[in-house]
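Here's the structure, in structure tokens; my notes come after.
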Amino acid sequence: MKNRIYISLPISGRDIEDVESAIKSAAAQIEKHGFKAVSPLEVSPDPESSYAVHIGRGITELLECDAVLVLSGWVESKGCALEMEAARIYDKKILTNYGMLDYYAKEVEDERHPKS
């Protein structure tokens, strides 16, 4: 089964095109490592939904993932802070930069094929 990585980034108050571009770049990096990228925009696609609905769907989806990739600016975002806390509580792997994807990919590979 392909590991799933949730993309956490600030969305509120940002230009949607910038958000979509950041998600697209992150998804490409995640998929390059053989993982499935999970976008917060895909799990809650209706822009007319309330903030509570968006963050609730995001947290629900995050809990179904194996790891979370947190993009820059997250420290100023209440939504990202909530996602980070949920990831910590539920022992999700937290990746704070693209470089950590290399280490995570090796870790997953080692778990799948332990050395005897």
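We did not get these values from a lab; they are worked out from the coordinates using the rules stated. Keep in mind it's a predicted model, so treat the numbers as computed, not measured. Using ideal geometry, Cβ is built from the backbone for each residue, glycine included, and neighbour counts are taken over all protein chains shown.
For the reader, a short list of remarks on this structure follows.
- Shape of region 11-60, Cα gyration tensor, a/c cut at 1.5: oblate
- Computed over region 4-112: relative contact order in percent, which uses C-alpha pairs under 8 Å that are six or more apart: 33
- Packing here is the average count of other Cβ atoms within 10 Å per residue, and on that basis the peptides 59-68, 42-51, 102-111, highest first, run 59-68, 102-111, 42-51.
- The residue among Ser21, Pro40, Leu62 whose Cα reaches farthest toward the positive pole of the charge dipole of the chain, with charges on the beta-carbon of Lys, Arg, Asp and Glu, is Leu62.
- Gyration tensor (alpha-carbon) shape descriptor, region 34-77, a/c threshold 1.5: oblate
- Inter-part distance where region 3-29 and region 73-103 are each reduced to a Cα centre, Å: 13
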